[in-house]
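These notes are about the structure you will find just below.
The values are calculated or read from the model by the stated rules, or taken from the named source; none is laboratory data. Given the structure is predicted, the values throughout are model-derived calculations rather than measurements. With ideal geometry, Cβ positions are generated from the backbone for all residues, glycine too; neighbour counts draw on all protein chains shown.
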DNA sequence: TAGTTTATGATATTCATTTTCAATTGTCAA
DNA sequence: TTGACAATTGAAAATGAATATCATAAACTA
Ligand SMILES: [Mn+2]
Ligand SMILES: [Mn+2]
Ligand SMILES: [Zn+2]
Ligand SMILES: [Zn+2]
């Protein structure tokens with residue numbers, strides 16, 4: 001079963017309808033797997049394919065996609081929601097955000113085992129998800145030519 | 001030199017004036033070291049001591065305090081800025097946020113050495129700060145009596 | 001204390017997001 | 001294929017946190 005089939009399934013499962021709008025929004029997100037687009041950036045891209053769409057529909061759909069686990073909501077402290085396609089089951093990557101140019105670099109691999117173990121033991125806290133961001137300077141911005 | 005003296009110094013250093021409003025806001029934050037108050041929560045507490053204060057003053061002051069390194073701005077993904085007194089120089093604690101009751105638990109100790117080393121090496125990224133949150137269930141909410 | 005500068009409070013404004021609601025569309029049983 | 005009915009949509013208004021504006025007030029300093 002490919003991604004589109006899974007998508008249709010997920011919608012049907014919960015009684016949601018498959019609309020053109022939802023299809024187009026998913027397409028845009030899939031075509032931008034590597035990006036971390038904001039709601040309005042997604043709106044702008046979707047409008048190229050489907051100019052009649054309303055902004056509210058995009059916001060509504062992104063919320064729905066998050067509920068369905070199709071998309072993951074990110075917060076880069078820039079005052080807007082951003083989204084990425086739900087990669088692998090256990091969302092194991094961190095984001096490095098450049099304080100100068102705003103570049104977002106992904107860091108695969110968790111490397112949080114120590115920390116998570118310590119938390120579960122000393123704090124008796126059951127971890128469901130984590131959110132790890134690093135702020136600093138990317139290689140480009142560190143070079144003296146900048 | 002105690003905390004208040006340091007505070008006065010920091011203001012004077014940059015040409016800022018010491019006003020009653022700033023003093024009262026600092027007091028409220030110091031009296032709530034263990035909390036992670038939002039701007040409006042701080043406003044409400046400040047008004048108990050100084051009812052004439054304006055909301056804008058509280059927002060402005062919190063921004064100023066962040067610039068001066070008196071306070072640290074937090075983002076718990078609840079749509080509002082939260083602040084805590086700048087603890088130790090290297091802001092080494094993480095937050096565990098309960099998905100059920102909203103409790104915020106602090107985790108002292110970094111335990112990110114592995115991860116940070118890996119990033120600096122493999123990504124050529126200079127880390128200035130990090131932001132680590134864990135979402136899950138606190139001990140209270142895990143007990144069957146809930 | 002006077003003179004200069006910074007800060008304040010009230011209010012208006014911004015901006016992302018959400019809500020409202022009448023009109024439209026997808027689904028599914030007949 | 002159709003009709004009934006629930007879900008969805010787009011336009012517009014509303015919300016809510018944060019910021020900007022501006023006349024007045026308070027702090028600093030010589
Ligand atoms: Mn990512
Ligand atoms: Mn804390
Ligand atoms: Zn950069
Ligand atoms: Zn809890």
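Looking at region A:98-121 only, could you name the residues that are within 16 Å of ligand 3 (Cβ to nearest atom) and part of a strand (DSSP E or B)? Steps first, answer last, please.
Within region A:98-121, the first condition is being within 16 Å of ligand 3 (Cβ to nearest atom), and the residues that meet it are A:98-107.
Within region A:98-121, A:98, A:104, A:105, A:106, A:107 qualify.
Within region B:81-103, is even one residue in the same structural domain as residue B:7 (by TED's automatic domain parsing), modelled with pLDDT of 95 or more, more than 24 Å from residue A:117 (Cα to Cα) and surrounded by fewer than 15 Cβ atoms within 10 Å (Cβ to Cβ)?
The answer is no; no qualifying residue exists.
Can you pull out every residue in region B:36-59 that is surrounded by 16 or more Cβ atoms within 10 Å (Cβ to Cβ) and closer than 16 Å to residue B:83 by Cα?
B:36, B:37, B:38, B:39, B:41, B:42, B:43, B:45, B:46, B:57, B:58
In region B:110-139, which residues are over 19 Å from residue A:93 (Cα atoms) and touching a residue at least 40 places away in the same chain (Cβ under 8 Å)?
Scanning region B:110-139 gives a single hit, B:138.
Can you name the number of the only condition in (1) assigned to a helix (DSSP H, G or I); (2) in the same structural domain as residue A:131 (by TED's automatic domain parsing) that residue A:44 fails?
Going through (1) assigned to a helix (DSSP H, G or I); (2) in the same structural domain as residue A:131 (by TED's automatic domain parsing) one by one, residue A:44 breaks only (2).
Just checking, which of A:126, A:40 is away from DNA strand D (no atom under 14 Å from the Cβ) and at pLDDT 90 or above?
Only one candidate qualifies: A:126.
Does region A:62-80 hold any residues that are more than 14 Å from ligand 1 (Cβ to nearest atom) and either surrounded by 14 or more Cβ atoms within 10 Å (Cβ to Cβ) or farther than 25 Å from residue A:9 by Cα (or both), and which are they? Spell out how you get there, then give the answer.
Kept after step one, since they are more than 14 Å from ligand 1 (Cβ to nearest atom), are these residues of region A:62-80: A:62-70, A:77-80.
Passing the criteria: A:62, A:63, A:64, A:65, A:66, A:68, A:70, A:77, A:78, A:79, A:80.
Scan region B:113-146 residue by residue and report those that are more than 7 Å from every other protein chain (Cβ to nearest Cβ) and buried (at least 16 other Cβ atoms within 10 Å of the Cβ).
Scanning region B:113-146 gives B:116, B:141.
Tell me, yes or no, whether region B:54-76 has at least one residue that is in contact (Cβ under 8 Å) with a residue 24 or more places away in the chain, facing chain A (nearest Cβ under 9 Å), out of contact with any strand residue (DSSP E or B) (no Cβ under 6 Å at 6 or more places or on another chain) and within 24 Å of residue A:103 (Cβ to Cβ).
Within region B:54-76, one or more residues are in contact (Cβ under 8 Å) with a residue 24 or more places away in the chain, facing chain A (nearest Cβ under 9 Å), out of contact with any strand residue (DSSP E or B) (no Cβ under 6 Å at 6 or more places or on another chain) and within 24 Å of residue A:103 (Cβ to Cβ).
Being within 14 Å of another protein chain (Cβ to nearest Cβ) and either touching a strand residue (DSSP E or B) at 6+ places or on another chain (Cβ under 9 Å) or in a strand (DSSP E or B) (or both) narrows it down to one of B:95, B:87, so name that one.
B:95
Select from region A:2-37 the residues that are touching a residue at least 12 places away in the same chain (Cβ under 8 Å), within 10 Å of DNA strand D (Cβ to nearest atom) and either outside any helix (DSSP H, G or I) or within 14 Å of chain B (Cβ to nearest Cβ) (or both) and list them in ascending order.
A:14, A:16
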